[in-house]
Amino acid sequence: MTRFKDVLTTRGRAFVAAGLTLVVTGLGLGLGDLTRIGVLLVALTVLASLTSRRALPELSVERRVRPVRLAVDEVATVEVEFGNTGTRRSPILMAEERVDYTLGDRPRFVLPRMAPGERRVVSYAIRSHLRGRHRLGPLTFRIRDPFGLSARAVALSSTSEVLVLPRVEELTGGRAGGEGVGAEGVIPHMVALHGEDDVAIREYRDGDDLRRIHWPATAHQGELMVRQEDRPARRRAVLVLDSRAAGHRGSGASGSFEWAVSAVASVAVHLANHGYAVHLVSHESVTEGRSAEMIDVDSALEALALAGTDPGATLDDVLHAAHPLTAAGGLVVAVATDHDEELLRQLLTLRQPGGVALLLLLDSASFAHGTSPGGGHAEDLAEIARAAGWGTRVVRSGESIARVWAAVSTGTSRIGVGG
C-alpha cells in the first residue's frame, strides 16, 4: 500500500503543513473559523490523495519502430498505440517512456481522455550511437488530481526491444596492379558468380526441354544430346573476428573492438554484393555452432550487432572452427589486434598456399591513447604477416574503414574484392 506522504506533491505537502498549523493555532487561540479553514485544507488534501489512488484504467500498449532495421546514428520513429480496453473513460495521464540511455532522453507526453474502445497513437524519435539490443519501456503514468495536490506513478509492464546494427561503410577496392596483395591469390578452381555457366553435354532423357537439344553434338553422336547447364560455384570468403578482451583497448564507439566489428560488417556487405559466400567466424558464431554455415548479409549484421568481447585469452576455438573453412580455398579476411605475436602466428596459418588472405591489424595502443604514434610493435607484427603471404594493413585510431580496405585490397580485383 502506498503511503499517504508518498503520493503528495509539493503543493499537497504545503497544504497539509498549512492546514495543521491553522488547526493548532485556531485551537490555541480559540478561533473557530481559523480551525475550520485548517481542517478544510487537510481534508482537501486527503480527498485528493484518495482520488489518485483509484485503479489505473485498463490500457493496452503496442509499439512499432520504423524503420525496423536501425543502424548506428540512424534516427528511427517509435509509434506507441494506446487502447482503452476498460469500461469507463480514462483520465488525462502524464506518460513517460523508459528507454536505454543510449537511445536518448526519456520521452514524455500527455495522453488525453479516451472513451472505452478508443485508441490513440503518439510517437517519438530515437537514435543510438552504440550498436546492440536496447529496450523500450516500460511506460510510467502519473495520475494527478485536479488540484495538483497528489500524484501517483504506475508502470505498465509492456516492453519492446530494438536492435541497432553496427556501422557499415561503403567499401571500394584499390586500383588493381600486376603485383601486390592478392596477385598470387587467384583461385582457379573457384568460378565467379557472374561468370559464364559451365556447359556439359549428355544424352536426351524423357521430359527434357527440346529447346535444350545441342544439335552439333547430336549430329556428331547420331543421337539426341542436350545441354546441361550447371550453376556456377560461388567464391568463398571467411571473415575472422578477434574478440579477445585482453587485446582490445578504448571504450564505446571509439574503442578498437567497435572498429573491428564495423570493419567486419562492412567487409561482409561488400563481399556479399560481389557474389561471395560469406562465413563469419567469431566468438558468438563458434559458441552457437553457426560458423560453418554460409551467412547472409542480414544475419551477419544481426550477429555482429550483438557481438561482445571474449574474456578468453586465446583464439583456439575460433581458429579451430576457421581451419576447415579455409582449407577448401577462398578468401580469408581477419581483423585482429597486435596483442600477442604467438597467437598472430597461429592466425596466419589460416592462409592456404596460393590463397588470398587479408589482415587488418589493430594498433591497440593508438586506441588506448587516442593517438597514432606509428611504428612499434604493430609494424613488427605486420612484417611477419606480410612475410607469410598476407596482405596486411596496420590500423590506428581514427582511420576510416573504407580507406584501410582500399589500401589492403589493392591488386585483388581479379578475385572480385577490388572496386
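For the reader, a short list of remarks on this structure follows.
- For the chain, the dipole from Cβ point charges (+1 on Lys and Arg, -1 on Asp and Glu) about the Cα centre works out to 2840 debye, to the nearest 20.
- Spacing of the two label points (7 Å from each Cα toward its C-beta) at Arg108 and Arg3, in nm: 2.4
- For region 86-133, Kirkwood radius (reciprocal of mean inverse C-alpha pair distance, Å): 12.9
- Scattering profile of region 214-303 at q = 0.12, 0.14, 0.21 Å⁻¹ [log10 I(q)/I(0), Debye over alpha-carbon scatterers]: -0.50, -0.59, -1.01
- Measuring nothing but how far apart in sequence close Cα pairs (under 8 Å, 6+ apart) lie, relative to its length, the chain scores a relative contact order of 15 percent.
- Packing-based ranking, highest mean first, of 261-267, 7-13, 119-125 given that Cβ atoms within 10 Å are counted: 261-267, 7-13, 119-125
- Choice from Gly32, Gly255, Gly376 with maximal GNM fluctuation in the chain (Cα, 10 Å cutoff): Gly32
- To the nearest ten degrees, helix 256-273 and the longest principal axis of the Cα atoms of the chain are 60 degrees apart.
- 34 Å tail of the calculated P(r), the chain, as % of Cα pairs: 54
- Surface/4 of the Cα convex hull for region 243-365, nm²: 7.2
- Positive-end extreme of charge dipole, the chain - chosen from Thr140, Val394, Ser157 (charges on Cβ): Thr140
- Per the Debye formula on identical point scatterers at the alpha carbon atoms of region 43-167, with no solvent, log10 I(q)/I(0) at q = 0.12, 0.19, 0.22 Å⁻¹ is -0.51, -1.00, -1.20.
Values in this text are rule-based calculations from the coordinates and carry no lab data. For clarity, every value in this text was computed on a predicted model and none was experimentally measured. Using ideal geometry, Cβ is built from the backbone for each residue, glycine included, and neighbour counts are taken over all protein chains shown.
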